[in-house]
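The values are calculated or read from the model by the stated rules, or taken from the named source; none is laboratory data. Everything quoted here is computed from the prediction, not taken from an experiment. Virtual Cβ from ideal backbone geometry, glycine too; neighbours counted across all protein chains shown.
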Amino acid sequence: MSKSGSNLNKCPFNSIYIEEQAYEYPITQQLLEKYTGCPVIRIKHYKDVFNRTNQHFRIQKEHLSLILAVKDKQFLYKGPEVCQNFGYTNFYYTSFILNCIFDCEYCYLQGMYPSANIVAFVNIEDYKNAIADIAIKEPVYLAASYDTDLIAFHNIIPYMDDCYNFFVRQRNLFVEIRTKSANQAFYKNYPAADNIIIAFSLAPQEIIDRYEKHTPSLESRIKAIQTATANGYKVRICFDPVFIGSIADDKYEVFYRKIFEQINPDKILDVGYGFFRMSRDFFKRIEKQRSNSLLYLEDYCVDDNIVSYSKELQEITKEKHFKAITQYIDKEKIYTL
Amino acid sequence: MVFIVTALMIEAAPIIEYFKLKRDMNSHEYAIYRNESIALIISGVGKIKSAMATVYLYCTYKATKNDYILNIGFCGAGNARYELGTMLIINKVTDMDTGRDLYPDVFFGHFLPQEAICCFSKPVHKEDFENSTDFFCDMESSGIMEAARKLTYAHNVVILKIISDYLSPDNLDKNVLQPLIKNQLCNIKRIIEELIQHNSNMDELILDKEKQAVDMLSKNLKFTEAMKQMLMKDIKKAKLKNLEPLKILESLTVTTVNSKSEGKKIFEQIRQQLK
């Protein structure tokens, strides 16, 4: 069943756990062929591994394992209030994958899950059926790259190969795929569609260096945006999360200028803007895990169980930032929380 | 500290000799052998005994989640894929009585083959099974795992099994078995070193001395629990900014106050100094 570790370097994962019922799916078979040297562990249910007690999130993050599982219920969730809905009332999200290959210090997933390991659900057809069932009744805005980064994961499991044409065919469906990936090939290989929006998360390079471990540089993300817009994609730019404080305050205005000097603002669908924020429970959990993080030691306000900067500080910063952004983008096209 | 649990003296003896462990005369309930960094306990055969011994070690030595548990012992193999004497690192333990699966996180020992193991309550023989016997088996691993999952992190428990037989556990010769363990001692040492190295790389903020100082200050200066927490947060921040909060705290350890309001004044002064 398992193999010795002699070929481990070829696989990006420490181990691959596979649910018994997941073996029969094509994704599983393809991965087993692709990563022949990786130890494979047969499991009954993904939660037996993912939800164990006493997992060390930080150490696991350095030795990621992949868990292949079959999702058995609830393929879609109503969008939470801490997320922007960009004007759509029927806002849903779906999670083909739990967790992310990147390691962002501010990421809420660290507080949401007991494990850093990545769960990838292999029953894509069930997801498609659930999405189609809802989209047949009413227009739906679907965040498809939620709790993860589907495009960054594309080289491991190409979910979009299976889903792209399906998304394009759904008349009532508007899909947002949020990413930090610099994968340009994606936008050349798939034709742009009216109902698919690629949302790029951007931040000043100093913020990327400080908080967004393993993510592509700002330069390479800008190149990916240029490729996407050149290929006709609807592109959203997300300045989210925005940080306030001595390490960030003087970085943003220069950054906005740099972005819109390199990306034609007319080719941008809209902009998402939001400050660093997190549910209080997640924040507390992460604060314990990341004992050496200054981010979780800053003074924040708690409003309605959400930890973030004070309203006053947010207003002052927002005004300053909007002054810079609106030189390039109409205010009506900027969505904030 | 590294805690090693073996079921039998025959498994323990070569390890005791190799690591130069000495009998801990304070322990009467179990035979424990130790040096400064390793303590080995001989649990007896079976998962209940292995779980009890693990908990006993943890309680006796006031261990924490950052300590390590190693179960080293023999196992049976239902197939001949590996030679006798091969050491396996276990990535899944199935308790054959309950059907429950338990998983250690295996982040080291990649030079060893990884396998799953079935933990039985009694010795098993090839003829006990009508169907395939493509599995490995022992009698302690699930007890270790059950105890360890309460006591330590999932990556700090290691199950190492050396194949002693192909499901024919009766009449095993001590003179044949002991060399099987001896041959793996270098690998056991390497695993322990990897384990310790691995955790030391995590670069966690250690605040033990600062905590002690804050406890003392809080007592002398009548700080409340909330004030203590605020102070610890400021200390963490100061330390991450490469300041030396301990010096500030130590300069006040002999100061005492008569009222809470006096303490509060000093509290604010300390906070200012930590900025």
Q: Taking only region B:52-76 into account, find how many residues are over 13 Å from the mean Cα position of the chain (by Cα) and closer than 13 Å to B:Met139 by Cα.
A: 4
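Rundown of residues vs (1) within 11 Å of chain A (Cβ to nearest Cβ); (2) free of Cβ contacts under 8 Å to residues at least 24 places away in the same chain; (3) touching a Gly at 6+ places or on another chain (Cβ under 8 Å), yes/no style:
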site	(1), (2), (3)
B:Val124	no, no, yes
B:Glu127	no, yes, no
B:Met139	no, no, yes
B:Ser142	no, no, no
B:Ala147	no, no, no
B:Asn156	yes, no, no
B:Ser164	no, no, yes
B:Leu167	no, no, yes
Q | Residues located in region B:63-77, provided they are in a loop (DSSP other than H, G, I, E, B) and of a type in the set (Ser, Thr, Tyr) | A | B:Thr64
Q. Which of (1) within 14 Å of chain A (Cβ to nearest Cβ); (2) under 13 Å from the mean Cα position of the chain (by Cα) does B:Arg190 not meet, given it meets every other one?
A. (2)
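Is it true that B:Lys182 is away from chain A (no Cβ under 14 Å) and loosely packed, with under 14 Cβ neighbours inside 10 Å? Can you show your working first?
Numbers: away from chain A (no Cβ under 14 Å): yes; loosely packed, with under 14 Cβ neighbours inside 10 Å: no.
Here the answer is no, as B:Lys182 does not meet what is asked.
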Q. Restricting the search to region A:17-42, which residues are closer than 15 Å to A:Lys71 by Cα and within 14 Å of chain B (Cβ to nearest Cβ)?
A. A:Tyr17, A:Ile18, A:Glu19, A:Glu20
(Q) With in the same structural domain as B:Lys265 (by TED's automatic domain parsing) and touching an Asp or Glu at 6+ places or on another chain (Cβ under 8 Å) as the only criterion, which of B:Lys233, B:Lys219, B:Lys247, B:Lys239 stands out? (A) B:Lys239
Q: Return the total of residues in region A:252-287 being of a type outside the set (A, V, I, L, M, F, W, C) and surrounded by 17 or more Cβ atoms within 10 Å (Cβ to Cβ).
A: 10
(Q) Can you tell me which of (1) closer than 27 Å to A:Leu32 by Cα; (2) out of contact with any Leu (no Cβ under 9 Å at 6 or more places or on another chain); (3) not in a loop (DSSP other than H, G, I, E, B); (4) not polar (S, T, N, Q) is the one A:Lys188 doesn't meet? (A) (1)
Q: Answer yes if at least one residue in region B:243-261 is within 14 Å of another protein chain (Cβ to nearest Cβ), closer than 22 Å to A:Glu298 by Cα and within 38 Å of the chain's Cα centre (by Cα), and no otherwise.
A: yes
**Q.** Selection within region B:78-107 - outside any strand (DSSP E or B), touching a helix residue (DSSP H, G or I) at 6+ places or on another chain (Cβ under 6 Å) and more than 10 Å from chain A (Cβ to nearest Cβ)
**A.** B:Gly85
Q) Which of the residues spanning region B:108-122 are assigned to a loop (DSSP other than H, G, I, E, B), more than 14 Å from chain A (Cβ to nearest Cβ) and either at pLDDT 95 or above or touching a Leu at 6+ places or on another chain (Cβ under 9 Å) (or both)? A) B:Phe120, B:Ser121
Q: Go through region A:105-134 and count every residue that is within 28 Å of A:Gln30 (Cβ to Cβ) and surrounded by 21 or more Cβ atoms within 10 Å (Cβ to Cβ).
A: 10
Q: Run B:Ile48 past the list (1) surrounded by 24 or more Cβ atoms within 10 Å (Cβ to Cβ); (2) in contact (Cβ under 8 Å) with a residue 60 or more places away in the chain and report the number of the one that doesn't hold.
A: (1)
Q: Restrict the check to region B:201-213 and report whether at least one residue is under 31 Å from the mean Cα position of the chain (by Cα), outside the structural domain of B:Ala80 (by TED's automatic domain parsing) and touching a residue at least 40 places away in the same chain (Cβ under 8 Å).
A: yes
